[in-house]
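The values are calculated or read from the model by the stated rules, or taken from the named source; none is laboratory data. Owing to the predicted nature of the structure, the values given are computational and were not obtained by experimental measurement. Using ideal geometry, Cβ is built from the backbone for each residue, glycine included, and neighbour counts are taken over all protein chains shown.
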Amino acid sequence: MELYFVRHGRTAGNREGRYVGRTDEPLLPESLTELERMVMPPVELVVASPMLRCRQTARALYPDVPLWTLEDLREMDFGDFEYKNYEELNGDPVYQAFIDSGGAVDFPGGEPLVAFQERCRRAFDVAVKRLIEQRVQAAAFVVHGGTIMAILSAFGEPKRSYFDWQVKNGACIRGRWTGDGKIYIKIK
């Protein structure tokens, strides 16, 4: 089964370098226009996060394809850092400790990274089972950057760490699920 992992288009928070997790903001109008002009590979089903930015991206890229949202594919809750950017957090000792750790410590007041990764992996398992039951040959996952990182760090081949699977807004990673518990990524 062909799988396409698409990060949602840009939002105001993305443009401003903010931690956008639980904040449910729309796409920027110019991002929506760019997405509507993109030509994507054909799919039979789109699986998406329920967040507005993902649903808008899915509709822009695949207006006529059935859309299935899964709550557990939403982005991480960034806790005390939610919707703040570097300028607002600069000088905060808790933020500095987070930066110094390379993202290895949890966001204060937020969702632990390990719990987030496990949530996304379980949601992906649920989605794959449904895709297999429905005999889907190609599907797109329109989700968040962190969600893609969580899924591909668990199932992606070649093996890469969580942070090595970062992807820009509107970008797509193509892979193939062969039923052996791995997503074979087609690297350009």
> Restricting the search to segment 59-88, which residues are assigned to a helix (DSSP H, G or I), within 17 Å of the chain's Cα centre (by Cα) and closer than 22 Å to Asp106 by Cβ?
Replying inline: Glu71, Asp72, Leu73
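Every residue, every condition in (1) at positive phi; (2) modelled with pLDDT of 95 or more; (3) surrounded by fewer than 21 Cβ atoms within 10 Å (Cβ to Cβ); (4) in contact with a strand residue (DSSP E or B) (Cβ under 7 Å, 6 or more places away or on another chain), yes or no:
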site: Arg10; (1), (2), (3), (4): no, yes, yes, yes
site: Gly21; (1), (2), (3), (4): no, yes, no, yes
site: Asp24; (1), (2), (3), (4): no, yes, yes, no
site: Glu34; (1), (2), (3), (4): no, yes, yes, no
site: Ala48; (1), (2), (3), (4): no, yes, no, yes
site: Glu71; (1), (2), (3), (4): no, yes, yes, no
site: Met76; (1), (2), (3), (4): no, yes, no, no
site: Glu82; (1), (2), (3), (4): no, yes, yes, yes
site: Ile99; (1), (2), (3), (4): no, no, yes, no
> Out of the residues in segment 153-168 that are part of a helix (DSSP H, G or I) and small (Gly, Ala, Ser), which is nearest to Val20 (Cα to Cα)?
Replying inline: Ser153
>> Being assigned to a helix (DSSP H, G or I), closer than 23 Å to Asp80 by Cα and in contact (Cβ under 8 Å) with a residue 40 or more places away in the chain is true for just one of Ile99, Ile148, Ile132. Which residue is that?
In response: Ile148
>> For segment 50-69, which positions are surrounded by fewer than 19 Cβ atoms within 10 Å (Cβ to Cβ) and touching a residue at least 12 places away in the same chain (Cβ under 8 Å)?
In response: Pro50, Leu52, Val65, Pro66, Leu67, Trp68, Thr69
> Of all residues in segment 155-188 being among the hydrophobic types (A, V, I, L, M, F, W, C) and either in contact with a Cys (Cβ under 8 Å, 6 or more places away or on another chain) or loosely packed, with under 12 Cβ neighbours inside 10 Å (or both), which is nearest to Leu45 (Cα to Cα)?
Replying inline: Ile187
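Give segment 25-45 a look and list any residue that's touching a Gly at 6+ places or on another chain (Cβ under 8 Å), without any contact (Cβ under 8 Å) to a residue 24 or more places away in the chain and charged (D, E, K, R), or say none. Spell out the reasoning first.
So in segment 25-45, the residues touching a Gly at 6+ places or on another chain (Cβ under 8 Å) come out as 25, 27-28, 31-32, 34-35, 38.
Filter again for without any contact (Cβ under 8 Å) to a residue 24 or more places away in the chain, leaving 28.
None; the set is empty.
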> Among (1) within 16 Å of the chain's Cα centre (by Cα); (2) in a loop (DSSP other than H, G, I, E, B); (3) not acidic (Asp, Glu), where does Gln56 come up short?
Replying inline: (2)
> Quick one: in segment 1-24, which of the residues that are acidic (Asp, Glu) and either in contact with a Lys or Arg (Cβ under 8 Å, 6 or more places away or on another chain) or without any contact (Cβ under 8 Å) to a residue 40 or more places away in the chain (or both) is nearest to Ile132 (Cα to Cα)?
Replying inline: Glu2
> Under 8 Å by Cβ, and 6 or more places apart or on different chains, what pairs join a residue from segment 153-175 that is closer than 25 Å to Leu61 by Cβ with one that is part of a loop (DSSP other than H, G, I, E, B) and of a type in the set (Gly, Ala, Ser)?
Replying inline: Ser153/Ser161; Phe155/Gly181; Asn169/Gly9; Gly170/Gly9
>> Here is a list: Phe116, Phe124. Which entry is aromatic (Phe, Trp, Tyr), modelled with pLDDT of 95 or more, part of a helix (DSSP H, G or I) and under 19 Å from Leu45 (Cα atoms)?
In response: Phe124
